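A.B. asks: First, the structure itself, so that you have it in front of you.
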Amino acid sequence: MAETTDLLSNRLFENLTTSWEIALRENRQREVILGGIAAYCYFHESKQLNFETASLIYVRQAIDELLQAILPQQQTGKTSRRCSFCGGTEPKVRLAAGANGLICDSCVRTLGEVFRQ
Ligand SMILES: [Zn+2]
């Protein structure tokens, strides 16, 4: 039973990521954000952490791309971009932009663990 579920989830995730990759290439980031959040909720509810995390990464990627298009001034100051939580800079860490700051992939993981408890 669990094996069948895994197989279905694998196939579902494969289909999702294929469509997200295409959507990102075609500048349809909003679809990736909406679909990614829906997938995140589904995989979270079904306790499939790998898929849950991977869905979030796609959402973050899409948000990053949207923000870079909306806030072009952030691109110019790329060397001064640093994580608002730990101070980490690119390319050592991957940064995602929020409304009032940036967060790195490591801090996203740490916060995820904190909020899960
Ligand atoms: Zn950080």
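A.B. asks: GNM on the chain, C-alpha springs below 10 Å: top fluctuator among Asn50, Asn100, Asn15?
C.D. replies: Evaluated over the chain, the most mobile residue of the options is Asn100.
A.B. asks: I would also like to ask the following. Quick one: Thr53, Thr18, fewest Cβ neighbours within 10 Å first, how do they rank?
C.D. replies: Ordered by Cβ neighbours within 10 Å, fewest first: Thr18, Thr53.
A.B. asks: How big is the C-alpha Rg of the chain next to the rule-of-thumb value 2.2 N^0.38 Å, as a ratio?
C.D. replies: Normalised by 2.2 N^0.38 Å, the Cα Rg of the chain equals 1.16.
A.B. asks: Assigning unit charges at the beta carbon (Lys, Arg +1; Asp, Glu -1) and nothing else, what dipole magnitude in debye, to the nearest 20, does the chain show about its Cα centre?
C.D. replies: 480
A.B. asks: Here's another thing I want to ask about it. Taking the dipole about the Cα centre of the chain, with the C-beta of Lys and Arg at +1 and of Asp and Glu at -1, give me whichever of Ala96, Gln29, Ala39 is farthest to the positive side.
C.D. replies: Ala96
A.B. asks: I would also like to ask the following. Need the full-extension length gain, Leu34 to Glu14, defined as separation in residues times 0.36 nm minus the C-alpha distance. One decimal, nm.
C.D. replies: Extra length from Leu34 to Glu14 when fully extended: 5.5 nm.
A.B. asks: Using Cα-Cα distances under 8 Å and only pairs 6 or more residues apart, what relative contact order does the chain have, in percent?
C.D. replies: Value for the chain: 15 percent.
Every read-out reported here was derived from the displayed coordinates using simple, explicitly stated rules and does not represent laboratory data. These numbers were taken from a predicted model, which means no experiment stands behind them. Heads up, the Cβs are rebuilt from the backbone with ideal geometry, glycines too, and the neighbour counts pull from every protein chain shown.
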